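A.B. asks: Input: one structure, supplied below.
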Amino acid sequence: MKFLRNCWYMVGWSSEFSATDIVPFTVMDEPLALYRKDDGTLVALEDLCPHRLAPLTVGRKEGDELRCMYHGLKFAADGRCTEIPGQERISSKVCVRSYPIEEKHGAAWVWMGDPAKADVALIPPIEGPDSDTYSMVCSKFVMNGNAELVADNLLDLSHAPFIHESTFGANNKVSLKVQKDGETKRGTTVLERGVVADRWHMGRPTNPYFDLPSDDNVVSTFLVPGVFILKINSFAPGVQDRFVDGKPNEEPIFRRCTCQMITPINDTQSMFFYNFGPDHEHADLKEHAFGIADAAFAEDKAIIEAQQAMIKKVPGRKMIMLAMDQPVLRYNEIYDGLRTKEEAEQAAAPAA
Ligand code: FES
Ligand SMILES: [Fe+2]
């Protein structure tokens, strides 16, 4: 499976990186050693000592450098070897790959492609633990399913009434019916690196977070390489009658947000980072809200892992696409277009 390389992949929440630890993480089968320099900035090196291929994550952090604890080679944050015990001359060939890494929105992001193209403006605008608007609870788990299956799941919310019958889906049957009746407004915008769907679910009788009827504005954004940002603003019923210039002329009674970031570990596993939170005014509901989301994501995990296991049993079997798969097809077009462009650029680049 070919994944995009010229993009930022989330490799952890900021809180996962202490001042002393060396944290292992694998992206697209490439092992990384992640650590903080003494000034707190993050470093991403290939987790592979070039001498005898021992992992650097079982080595030792010495100031801003890492020492391999097999025969003692030491590497700087830019990957240069700075010491070979018992040897004066150090060839520039003795080095490890270093990757651009940035910390933003309370998370760490690694650029897996051409370092010259690493543009911090492309870091997805997630709402993290430092959000100005939401009180987020953050978590992660390994999904035994490839990143494409996870992306398909997030893009296709029509699974909610079935997989999430006992969590998110309780009232989504109403939403689907409303859509069929044409009462739900749908607006999909195609971006250069993703899609945004802006919908209204009118007349929800109640919702899992607070026991009030509401009209919900649901805005979902899906960005490469697999970042889902869902913001739901609940308004008092009948908001459409109070619209000014096609928009609500009032503040929502309740806001909530979830962000979900998929990082491919290999062809059959991904790291699933996620969070969920209400607006700060309803911060007291954050553990309750996260608990519902957490249970729902476990439901997704179960079906995706069952799907991945089945795909392994029937290699070569094709899937069929239905009307509900439109967002998946649209996103795949964008992803495949970027990948084709990236491959063409790689082919045109002079050999290193
Ligand atoms: S394997 Fe790392 S120093 Fe020998
Ligand atoms: Fe789901």
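The values are calculated or read from the model by the stated rules, or taken from the named source; none is laboratory data. Please read all numbers here as calculations on a predicted model, not as lab measurements. So basically every Cβ, Gly included, is an ideal-geometry build from the backbone, and we count neighbours across all protein chains shown. We work out accessible area using only protein heavy atoms, side chains counted, and drop any ligands, DNA or RNA first. Shrake-Rupley method; radii C 1.70, N 1.55, O 1.52, S 1.80 Å.
A.B. asks: Within region 233-253, how many residues turn out to be in a strand (DSSP E or B) and buried (at least 22 other Cβ atoms within 10 Å of the Cβ)? Reasoning before the result, please.
C.D. replies: Step one: of region 233-253, the residues in a strand (DSSP E or B) are 233-235, 244, 247.
If we keep only those that are buried (at least 22 other Cβ atoms within 10 Å of the Cβ) as well, we get 234.
Selection size over region 233-253: 1.
A.B. asks: Considering (1) in contact with a Ser or Thr (Cβ under 6 Å, 6 or more places away or on another chain); (2) outside any helix (DSSP H, G or I); (3) open to solvent by 50 Å² or more (accessible area, probe 1.4 Å), say which one K286 fails and leave the rest.
C.D. replies: K286 satisfies every listed condition except (2).
A.B. asks: Further, regarding this structure: State yes or no: is A147 more than 30 Å from K74 (Cα to Cα) and without any contact (Cβ under 8 Å) to a residue 60 or more places away in the chain?
C.D. replies: Details: more than 30 Å from K74 (Cα to Cα): yes; without any contact (Cβ under 8 Å) to a residue 60 or more places away in the chain: no.
No: the conditions fail for A147.
A.B. asks: To continue, here is another question. What do you reckon, is M271 open to solvent by 10 Å² or more (accessible area, probe 1.4 Å), assigned to a strand (DSSP E or B) and either without any contact (Cβ under 8 Å) to a residue 12 or more places away in the chain or within 29 Å of S166 (Cα to Cα) (or both)? Lay out the reasoning, then the answer.
C.D. replies: Values: open to solvent by 10 Å² or more (accessible area, probe 1.4 Å): yes; assigned to a strand (DSSP E or B): yes; either without any contact (Cβ under 8 Å) to a residue 12 or more places away in the chain or within 29 Å of S166 (Cα to Cα) (or both): yes.
Yes: the conditions hold for M271.
A.B. asks: Right, next: Can you list residue pairs whose Cβ atoms sit under 8 Å apart, with the first residue in region 220-244 being at positive phi and the second being assigned to a strand (DSSP E or B) and hydrophobic (A, V, I, L, M, F, W, C)? Count only pairs 6 or more apart in sequence or on different chains.
C.D. replies: Here the result reads G226/M261; G226/I262, each pair linking region 220-244 to a residue that is assigned to a strand (DSSP E or B) and hydrophobic (A, V, I, L, M, F, W, C).
A.B. asks: Any chance you could count how many residues in region 1-54 are within 23 Å of N146 (Cα to Cα), open to solvent by 40 Å² or more (accessible area, probe 1.4 Å) and either part of a loop (DSSP other than H, G, I, E, B) or assigned by TED's automatic domain parsing to the domain that holds L223 (or both)?
C.D. replies: Residues flagged as within 23 Å of N146 (Cα to Cα), open to solvent by 40 Å² or more (accessible area, probe 1.4 Å) and either part of a loop (DSSP other than H, G, I, E, B) or assigned by TED's automatic domain parsing to the domain that holds L223 (or both) within region 1-54 amount to 4.
A.B. asks: Among the residues of region 210-223, count how many are within 30 Å of M112 (Cβ to Cβ) and in contact with a helix residue (DSSP H, G or I) (Cβ under 6 Å, 6 or more places away or on another chain). If you could, list the steps in order and put the result at the bottom.
C.D. replies: So the first thing to find is which residues in region 210-223 are within 30 Å of M112 (Cβ to Cβ), and the list is 219-223.
Retained after the next criterion (residues that are in contact with a helix residue (DSSP H, G or I) (Cβ under 6 Å, 6 or more places away or on another chain)): 222.
Here the count works out to 1.
A.B. asks: Can you pull out the residues in region 101-112 that are in a loop (DSSP other than H, G, I, E, B) and within 9 Å of W8 (Cα to Cα)? Show your work before the answer.
C.D. replies: Residues of region 101-112 that are in a loop (DSSP other than H, G, I, E, B), as a first pass: 105-106, 112.
Answer for region 101-112, where residues must be in a loop (DSSP other than H, G, I, E, B) and within 9 Å of W8 (Cα to Cα): just M112.
A.B. asks: Further, regarding this structure: Determine which member of the set M310, M261 is within 30 Å of T133 (Cα to Cα) and either exposed (fewer than 12 other Cβ atoms within 10 Å of the Cβ) or modelled with pLDDT of 95 or more (or both).
C.D. replies: Values: M310 fails: within 30 Å of T133 (Cα to Cα).
Within the list M310, M261, the selection yields M261.
A.B. asks: Hey, another quick one. Do we have any residue at all in region 81-90 that's crowded, with 17+ Cβ neighbours inside 10 Å and among the polar types (S, T, N, Q)?
C.D. replies: The initial filter retains those residues of region 81-90 that are crowded, with 17+ Cβ neighbours inside 10 Å, namely 81.
Okay, now just the ones that are also among the polar types (S, T, N, Q), so none.
No - not one qualifying residue is present in region 81-90.
A.B. asks: Can I ask one more? Using beta carbons and a limit of 9 Å, which pairs, at least six apart or on different chains, have the first residue in region 298-310 and of a type in the set (G, A, S) and the second one away from ligand 2 (no atom under 13 Å from the Cβ)?
C.D. replies: A298/F141; A309/N144
A.B. asks: Any chance region 318-325 includes a residue that's surrounded by 16 or more Cβ atoms within 10 Å (Cβ to Cβ) and either outside any helix (DSSP H, G or I) or assigned by TED's automatic domain parsing to the domain that holds L155 (or both)?
C.D. replies: Step one: of region 318-325, the residues surrounded by 16 or more Cβ atoms within 10 Å (Cβ to Cβ) are 325.
Restricting the remaining residues to those that are either outside any helix (DSSP H, G or I) or assigned by TED's automatic domain parsing to the domain that holds L155 (or both) gives 325.
The answer is yes, given that some residue of region 318-325 is surrounded by 16 or more Cβ atoms within 10 Å (Cβ to Cβ) and either outside any helix (DSSP H, G or I) or assigned by TED's automatic domain parsing to the domain that holds L155 (or both).
A.B. asks: P315: outside the structural domain of V224 (by TED's automatic domain parsing), assigned to a loop (DSSP other than H, G, I, E, B) and surrounded by fewer than 12 Cβ atoms within 10 Å (Cβ to Cβ), yes or no?
C.D. replies: On the way: outside the structural domain of V224 (by TED's automatic domain parsing): no; assigned to a loop (DSSP other than H, G, I, E, B): yes; surrounded by fewer than 12 Cβ atoms within 10 Å (Cβ to Cβ): yes.
Spelling it out, it is not the case that P315 is outside the structural domain of V224 (by TED's automatic domain parsing), assigned to a loop (DSSP other than H, G, I, E, B) and surrounded by fewer than 12 Cβ atoms within 10 Å (Cβ to Cβ).
A.B. asks: While we're here: Which condition number in (1) assigned to a loop (DSSP other than H, G, I, E, B); (2) not assigned by TED's automatic domain parsing to the domain that holds P208 is the one that G145 fails?
C.D. replies: For G145, the exception is condition (2).
A.B. asks: Are any of the residues in region 330-352 under 15 Å from H159 (Cα atoms) and touching a residue at least 40 places away in the same chain (Cβ under 8 Å)? Talk me through it step by step, then tell me what you get.
C.D. replies: Step one: list which residues in region 330-352 are under 15 Å from H159 (Cα atoms), which gives none.
There is no residue in region 330-352 that is under 15 Å from H159 (Cα atoms) and touching a residue at least 40 places away in the same chain (Cβ under 8 Å).
A.B. asks: Those residues that are more than 30 Å from D119 (Cβ to Cβ) and aromatic (F, W, Y), I need them from region 69-99; list them, please.
C.D. replies: Kept after step one, since they are more than 30 Å from D119 (Cβ to Cβ), are these residues of region 69-99: 69-74, 83-91, 94.
Passing the criteria: only Y70.
A.B. asks: While we're on this one: For region 91-100, give me the residue count where each residue is surrounded by 15 or more Cβ atoms within 10 Å (Cβ to Cβ) and over 21 Å from G12 (Cβ atoms). If you could, list the steps in order and put the result at the bottom.
C.D. replies: Initial filter on region 91-100 (surrounded by 15 or more Cβ atoms within 10 Å (Cβ to Cβ)): 94-96, 98-100.
Now narrow it down to the ones that are over 21 Å from G12 (Cβ atoms): 94-95.
Count: 2.
A.B. asks: Looking at (1) over 16 Å from the mean Cα position of the chain (by Cα); (2) among the small types (G, A, S); (3) open to solvent by less than 30 Å² (accessible area, probe 1.4 Å), which is the only condition A295 fails?
C.D. replies: Status for A295: all satisfied but (3).
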